[in-house]
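Shown next, in structure tokens, is the structure this report addresses.
The values are calculated or read from the model by the stated rules, or taken from the named source; none is laboratory data. Because the structure is predicted, anything quoted here is derived from the model rather than measured. A quick note on method: Cβ atoms are made from the backbone with ideal geometry, for glycine too, and the neighbour counts reach across all protein chains shown. In case anyone asks, the SASA skips ligands and DNA or RNA and just uses the protein heavy atoms, side chains included. Shrake-Rupley method; radii C 1.70, N 1.55, O 1.52, S 1.80 Å.
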Amino acid sequence: MMRVARITAWIAGTNAYLIVNQANQGLLVDAPPDPEEVGTQVAAMDVALVGIVLTHGHVDHTGGAGKLAAGSGAITYAHPDDDFLTLHPTEQLQMIYGMLPPGSYDVPDHIEHLEHGQRLDLAGVALEVRHTPGHTPGHCCLYWESEGILFAGDQLFAGSIGRFDLPGGDGPTLFRSMREQVMTLDDEVRVLPGHGPETTIGRERSTNPFRHEWSS
Ligand SMILES: [Zn+2]
Ligand SMILES: [Zn+2]
């Protein structure tokens with residue numbers, strides 16, 4: 001039995017997801033800048049972290065990766081088109097908050113690059129990498145086909161979508177990603193987003209207020 005735990009952390013209320021297999025190996029999707037919060041959960045579940053997959057380079061999803069990777073030996077994965085964000089957390093914080101809020105912002109020593117269409121096989125979890133630019137140029141959604149789960153990052157939320165007014169963001173690109181990489185999934189697929197509650201593809205297809213932007 002695979003287990004998935006949602007950990008909501010830091011001032012942005014970012015969701016990280018900890019996937020744990022029978023052997024108690026774990027895979028983390030996103031790493032908010034509050035590694036203690038994640039570390040507490042990892043310890044409570046007695047998990048050996050083997051991988052950290054970043055949906056995109058915004059600091060609220062990446063800040064904790066450096067500390068968690070260093071402490072566990074886990075390998076960090078991210079798309080190269082977001083290197084300008086992933087590798088520069090403090091510049092992002094200055095720009096968005098005009099200050100450095102409390103948190104951990106260590107960049108991992110080494111980042112393996114994700115590629116569209118790649119099948120990432122870690123801890124018995126096979127994730128299909130779907131490059132979904134728009135919120136950021138290197139944003140990726142991760143589709144766990146065997147469980148019918150999409151880790152959606154900041155691409156799609158329950159009743160909303162990711163903003164595209166930050167550096168590297170682009171509306172038409174986000175809507176194209178939605179049409180070609182997200183809405184091609186079945187209605188039953190569970191969507192686990194980077195902020196807020198979970199939803200399904202079917203529910204967002206029929207009720208999301210932005211649906212006309214991608215279905216036209
Ligand atoms: Zn973001
Ligand atoms: Zn976010």
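Observations
- Taking amide H atoms as placed 1.01 Å from N in the peptide plane, the amide H of residue 14 lies under 5 Å from those of 9, each 5 or more residues away in sequence or on another chain.
- Ratio of Rg to Rh for the chain: 0.94 [Cα atoms; Kirkwood radius as inverse mean 1/r over pairs].
- Farthest toward the positive end of the dipole of the chain, out of 13, 98, 73, is the Cα of 13, where the dipole comes from beta carbon charges about the Cα centre.
- Convex hull volume per residue for the range 1-59, taking Cα atoms only, in Å³: 68
- Shown is the FRET efficiency for residue 213 and residue 190, computed with R0 = 30 Å from the Cβ-Cβ distance and rounded to the nearest 0.05: 0.85.
- In the chain, helices alone account for a calculated mean residue ellipticity at 222 nm of -6000 deg cm²/dmol, with every DSSP H run of four or more residues adding -39,500 (n - 2.57).
- With the convex hull drawn over the C-alpha atoms of the range 117-216, the volume per residue is 94 Å³.
- Fraction of accessible area attributable to carbon and sulfur, the chain (%, probe 1.4 Å): 50
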